[in-house]
1. Write out, first by first residue and then by second, each pair whose Cβ atoms fall under 6 Å of each other, whose residues are 6+ apart or on separate chains, and whose first residue, in segment 10-23, is outside the structural domain of L61 (by TED's automatic domain parsing) and basic (K, R) while the second is outside any helix (DSSP H, G or I) and at pLDDT below 90.
2. Would you point out the residue of segment 39-73, among those that are touching a His at 6+ places or on another chain (Cβ under 8 Å) and part of a helix (DSSP H, G or I), that is surrounded by the most Cβ atoms within 10 Å (Cβ to Cβ)?
3. Please enumerate the residues belonging to segment 242-262 that are under 17 Å from the mean Cα position of the chain (by Cα), surrounded by fewer than 22 Cβ atoms within 10 Å (Cβ to Cβ) and among the β-branched types (V, I, T).
4. Of the residues H177, H241, which single one is at pLDDT 95 or above and over 17 Å from P280 (Cα atoms)?
5. Please list, ordered by residue number, the strands (runs of 3 or more DSSP E) wholly in segment 201-303 having 2 or more residues that are of a type outside the set (S, T, Y) and under 27 Å from D348 (Cβ atoms).
6. I'd like the full set of residues that are closer than 26 Å to A369 by Cβ and touching a strand residue (DSSP E or B) at 6+ places or on another chain (Cβ under 7 Å), limited to segment 1-49.
7. When you go through Q137, Q206 one by one, which is the residue that is surrounded by fewer than 18 Cβ atoms within 10 Å (Cβ to Cβ), out of contact with any helix residue (DSSP H, G or I) (no Cβ under 6 Å at 6 or more places or on another chain) and of a type in the set (S, T, N, Q)?
8. Among (1) surrounded by fewer than 18 Cβ atoms within 10 Å (Cβ to Cβ); (2) at pLDDT 95 or above, where does F184 come up short?
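The values are calculated or read from the model by the stated rules, or taken from the named source; none is laboratory data. The structure presented is a predicted model; accordingly, all values stated were derived computationally and were not measured. No Cβ is skipped: glycine too gets one built from the backbone with ideal geometry, and neighbour counts run over all protein chains shown.
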Amino acid sequence: MTKEQKELVKATVPVLKEHGVLLTTHFYNRMFTHNPELKNVFNMGNQQNSKQQTALAMAVLAYAEHIENPGVLMPVLDGIGQKHTSLDIRPEHYAIVGGHLIASISEVLGDAATPELLEAWTVAYNQLAAIMAGHEQNLYSKQVAKKGGWTGWRPFVVKQKVKESTEITSFYLFPTHGGVVPDFTPGQFLSVRLFLPELNLLQPRQYSISSAPNGEYYRISVKREAGTELFADGMISNRLHNFVNEGDIIEVSAPAGGFVLNGDGDHPIVFISGGVGQTPLMSMLESLIKSGSKRPKTWIHGCRDKNVHAFKEVIEHWEGKNEEVKKHIFYSEVEEGGADDLYAGWVDLNQLSDEIFEPNTEYYICGPAGFIELHYRELVKKGIDKQLIHFEEFGPQTLQLN
């Protein structure tokens, strides 16, 4: 890019800050009108709840702000690339998206979208597309280099369907070819693709792997969504609950994701989860236990009550067998005469002993966005180094905390 083109892109930052979501909403509407086949690639649930539009607006703004040195965005771009490889996004998709994005800039900005500005953004987008496509090709190459590795979609059979609570059910997924499944880093997710009759579309969804690597199968643990007026996200989760049974075959992409366990060192680890947010943390904790790690491990989990508390017995078993594992469970609704070791109310780190805030302790947080933000800020207030706090927001990434 020329210096003048970079200045033109940077000049659009104030507009993107004020009208970015308007632009990305127009972009998605335009793209799905002209290329409706892409509705089978994109998560239409995130279109309904506006998360995707917001996430894209934030990404475009960040790129414009750092157009002089887009390399500083690599942690963010890696997260996007991880999601893209799980959805089998390929270089040809970037050409379609780019055409609609530039057209949307022209249509939304009107006369302000001069030929020079549109050319600058075209060059900027093509630069970003080249960075992303190259990074994603590297991720694909690493996937196929693993024993049993693959890219794209592969059929898996549901060999076991296990009810973990009144809301959460686990699905044990084995490859139909009978071979091994590649290892993954604890914390990663799978994409699952099902046909959704309500929308007449194939729809992908991401679910954290909730077990440690074992070479034989992957386990995902899915929450049933309540209510009759569901976003498409809830439709997919409920279809797994209601219509996918043992022996059925579903399409799965290779493990992906950057919210992963740092297995190095012997410093303490604290896991903080809300509801189904415990699923990637289950994989991390089980992996540490299976490895024989003696690092102090604290499990902090909150949910509504004992009926919706998945993996309750498993965590109790691990605590009983491993003296370095400690648990703290919060129920927002506690029955009279309930267990003495329960905390009443929402997860509150201030109710716990200061030993969980020892120097060099690492923290992994997963749950709803508000849950993550609350506990992240609480840890920072207690003097915890931000680099030691890891979190994952389910769905498009909209939290900016680090």
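1. Once the first residue is outside the structural domain of L61 (by TED's automatic domain parsing) and basic (K, R) and sits in segment 10-23, no partner that is outside any helix (DSSP H, G or I) and at pLDDT below 90 comes close enough.
2. At the first step, the residues of segment 39-73 found to be touching a His at 6+ places or on another chain (Cβ under 8 Å) are 41, 72-73.
Now drop any that are not part of a helix (DSSP H, G or I), which leaves 72-73.
Details: V72: 12, L73: 17.
Among those that are touching a His at 6+ places or on another chain (Cβ under 8 Å) and part of a helix (DSSP H, G or I), it is L73.
3. Answer for segment 242-262, where residues must be under 17 Å from the mean Cα position of the chain (by Cα), surrounded by fewer than 22 Cβ atoms within 10 Å (Cβ to Cβ) and among the β-branched types (V, I, T): just V260.
4. Numbers: H177 fails: at pLDDT 95 or above.
It is H241.
5. Details: elements: 201-208, 218-223, 249-252, 269-274, 297-303.
Output list reads 269-274, 297-303.
6. K39, N43, M44
7. Details: Q206 fails: surrounded by fewer than 18 Cβ atoms within 10 Å (Cβ to Cβ).
Every option except Q137 fails the conditions.
8. (1)
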